[in-house]
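This report refers to the structure that appears directly beneath it.
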Amino acid sequence: MTGRVFTGIIETLLNGKGIVIGDPSSGEYVAGVRGFRETAEMNILVTGATGYVGRALIPQLCQAGHSIRILARKTSDLSAFKECRKALEVFYGDLLQEETLRGIGENIDYVCHLAGVLPYSQTKAEHYYDVNKTGSLNLIKQFAGSRVKNFLFTTSTASLGAISKDIVTENDFSPPIADYGKSKYAAELAIREFAEKQAIPYTMARLTHIYGPGETRDLYRMVKMMKKGIFPQIGFKPNLYPAVYIDDAVNGIIRVLERGRPGETYIITDKESHDTRLIRKYVLQYLSLKKSLYPFLPKYLSLLIFSILDIISDMSGVKFPATRKNIQFLSAGRRFSIEKARKELGYVPQVPLKEGLRKTIEYYLQEGLI
């Protein structure tokens, strides 16, 4: 393949328009080929390739002319990558079986570690730690003494807990409250400790919820509840949903991969966390529904109700649409700053909530999901 630049990825994401990102008068960054440093063709390892983000990321990397190695199981469905199979090498292995990872880091320049167990996976707490922490550690061990330029670990703002602060930055921390967040935080610590001991360049992209066409987890559940008129307002303060559209998430991940400073973490999300009342307004608009009423629950009553439902769920195995921890996060009013990513990486989200929701609802309707 001919050498291309990482900018080709960004150019593709922005439809080749070469539009300006950020404040051009600051001289910080401009999107398009002219705005990024030239980089030769790279060999990039991607884990979690068949997941939601991986399916969106890999075609962008392939179109930019890079060679991609993906970690997969024998049972993995790779049909999403038909158009870039020539640039794709499949490495069969399992994060939980370290011996199967031998050789995975050979001739790799960059690592994008997306794989992990997600929240709402109906799994036991130990499995979160097994995959998210131990599996990640098994992977990074393969790069001790290697030539890798950046081992990127995609983590989550869930690792920060339900922080009570107006604007949350990369420097803030509160003990995580859910098993998923706890496992991600444990993985962050394990990766940081090993990478620093072995002098492995690493970065972390701390993502919020990711939505868009193809997403059938967090937002999808909210949309179904809003359609039924049962998605509640918790307390009087805004219920904020921190989220980022899939194209912007991929854009941010690529920028951390290319430009991130070794040892640094970057929050990747939208410019603002989204008030669920506004989300509800757009959802009902795109579904052509005229529901003006919705449930209101006092915060502490909600916490009590969902605590009881959690107990029932644990005893019966029945899964409810939300948990006590979901209520804690939603009512915490979390806002995340992307200032560090903007200044250092040139990251500025391009897809506004209204447009992102329109595209997502169209997908749900086309697929008969709602």
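Only the coordinates and a few stated rules stand behind these numbers; no lab work does. Just so it is clear, the structure is predicted and the values come from calculations on it, not from any experiment. Note that each Cβ is placed from the backbone with ideal geometry, even for glycine, and that neighbours are counted across all protein chains shown.
Dividing the mean sequence gap of close Cα pairs (under 8 Å, 6+ apart) by how many residues the chain holds gives a relative contact order of 16 percent. In a DSSP loop and with at most 13 other Cβ atoms within 10 Å, the trypsin sites (Lys or Arg not before Pro) in region 86-156 are R102, K124, R147. By the count of other C-beta atoms within 10 Å, a proxy for reagent exposure, R335, R277, R342 are ordered fewest to most as R277, R335, R342. Cα centroids of region 132-161 and region 229-297: 26 Å apart. Modelled this way, with points 7 Å down the Cα-to-C-beta line, the labels at I305 and N171 are 4.0 nm from one another.
Of the residues S316, L101, G212, the one whose Cα sits farthest towards the positive end of the charge dipole of the chain is S316 (charges of +1 on Lys and Arg Cβ, -1 on Asp and Glu Cβ, taken about the Cα centre). Taking 20 Å as the straight-line reach from the Cα of K82, the lysines in range (excluding those fewer than 8 positions away in the same chain) are K74. Dividing the summed helix terms, -39500 (n - 2.57) for each DSSP H run of n ≥ 4, by the number of residues in the chain produces a 222 nm estimate of -10500 deg cm²/dmol to the nearest 500. Sorting 264-276, 89-101 by their mean Cβ neighbour count within 10 Å, with the most densely packed peptide first, gives 264-276, 89-101. For the chain, the alpha-carbon coordinates run over 57, 47, 40 Å along the three principal axes, in decreasing order.
Applying a 4.7 Å Cβ-Cβ cutoff to the chain, the cysteines left without a disulfide-compatible partner are C112. For the peptides 255-263, 233-241, 109-117, 192-200, residues were scored by their other Cβ atoms within 10 Å and the scores averaged per peptide; the highest-first order is 109-117, 255-263, 233-241, 192-200. Checked against a 24 Å cut-off, the cross-linked pairs K224/K291; K224/K319; K271/K299; K182/K227; K165/K228 give Cα-Cα distances beyond that limit for K271/K299; K182/K227; K165/K228. Of the peptides 319-332, 296-309, the ranking by mean beta-carbon count within 10 Å, highest at the top, reads 319-332, 296-309. Beta bridges from DSSP with both residues in the chain: antiparallel share about 10 percent, rounded to the nearest 5.
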